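Asker: Quick one: the structure is below, and I'll ask about it shortly.
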Amino acid sequence: MQQLLQQAQKMQQDLARAQEELARTEVDGQAGGGLVHATVTGAGELRALKIDPKAVDPEDTETLADLIVAAVHAANQNAQTLQQQKLGPLAQGLGGGSGIPGLPF
């Protein structure tokens, strides 16, 4: 029983370390053939947004808004992939992954 508790504690520490690493790791996404770039952390926090001047048309702000949303969405999808790569094995070791509060998988 003691060994099982030690394993669970180690896995919990590994999970916390992986989550901290995700919070520091930046992931990019882009839209419009690279006209808009979004950078998010592995935890999904928006850190930067770069817009090529060619994407800015004062007469068509809706397209620019769509490109921004698409770039942020792409960056968040990349962040989720990173989360699954880093946390997936740890979550499975804790009992399958589903049902662990705070984890998206």
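The values are calculated or read from the model by the stated rules, or taken from the named source; none is laboratory data. What you are looking at is a predicted structure, and each value in this text was computed from that prediction instead of being measured. So basically every Cβ, Gly included, is an ideal-geometry build from the backbone, and we count neighbours across all protein chains shown. In case anyone asks, the SASA skips ligands and DNA or RNA and just uses the protein heavy atoms, side chains included. Shrake-Rupley method; radii C 1.70, N 1.55, O 1.52, S 1.80 Å.
Asker: Taking the condition surrounded by 14 or more Cβ atoms within 10 Å (Cβ to Cβ) and of a type in the set (Gly, Ala, Ser), does ALA38 pass?
Answerer: yes
Asker: Okay, next question. So ALA75 passes all but one of these: (1) without any contact (Cβ under 8 Å) to a residue 60 or more places away in the chain; (2) out of contact with any strand residue (DSSP E or B) (no Cβ under 9 Å at 6 or more places or on another chain); (3) closer than 16 Å to ASP28 by Cα; (4) not β-branched (Val, Ile, Thr). Which condition number does it fail?
Answerer: (2)
Asker: Give me the residue from region 1-35 that is of a type in the set (Gly, Ala, Ser) and closer than 16 Å to GLN77 by Cα and, out of that set, surrounded by the fewest Cβ atoms within 10 Å (Cβ to Cβ).
Answerer: If we take residues in region 1-35 being of a type in the set (Gly, Ala, Ser) and closer than 16 Å to GLN77 by Cα, then ALA23 is surrounded by the fewest Cβ atoms within 10 Å (Cβ to Cβ).
Asker: Does region 41-58 contain any residue that is at pLDDT 85 or above, open to solvent by 100 Å² or more (accessible area, probe 1.4 Å), in a helix (DSSP H, G or I) and touching a strand residue (DSSP E or B) at 6+ places or on another chain (Cβ under 8 Å)?
Answerer: No, because not a single residue in region 41-58 is at pLDDT 85 or above, open to solvent by 100 Å² or more (accessible area, probe 1.4 Å), in a helix (DSSP H, G or I) and touching a strand residue (DSSP E or B) at 6+ places or on another chain (Cβ under 8 Å).
Asker: Could you please let me know if VAL69 is open to solvent by less than 70 Å² (accessible area, probe 1.4 Å) and at pLDDT 95 or above?
Answerer: Against the criterion (open to solvent by less than 70 Å² (accessible area, probe 1.4 Å) and at pLDDT 95 or above), VAL69 does not qualify.
Asker: Using beta carbons and a limit of 8 Å, which pairs, at least six apart or on different chains, have the first residue in region 25-50 and touching a residue at least 24 places away in the same chain (Cβ under 8 Å) and the second one open to solvent by less than 10 Å² (accessible area, probe 1.4 Å) and of a type in the set (Ser, Thr, Tyr)?
Answerer: THR25/THR41; VAL27/THR41
Asker: Find all pairs meeting these conditions: Cβ atoms under 9 angstrom apart; at least six residues apart or on different chains; first residue within region 5-20 and of a type outside the set (A, V, I, L, M); second residue open to solvent by 50 Å² or more (accessible area, probe 1.4 Å).
Answerer: Close Cβ pairs (under 9 Å, with a partner that is open to solvent by 50 Å² or more (accessible area, probe 1.4 Å)) amount to GLN12/LEU94; GLN19/ALA43; GLN19/LYS86; GLN19/GLY102.
Asker: Just one of LEU35, LEU5 is over 24 Å from the mean Cα position of the chain (by Cα) and over 21 Å from THR81 (Cα atoms); which is it?
Answerer: It is LEU5.
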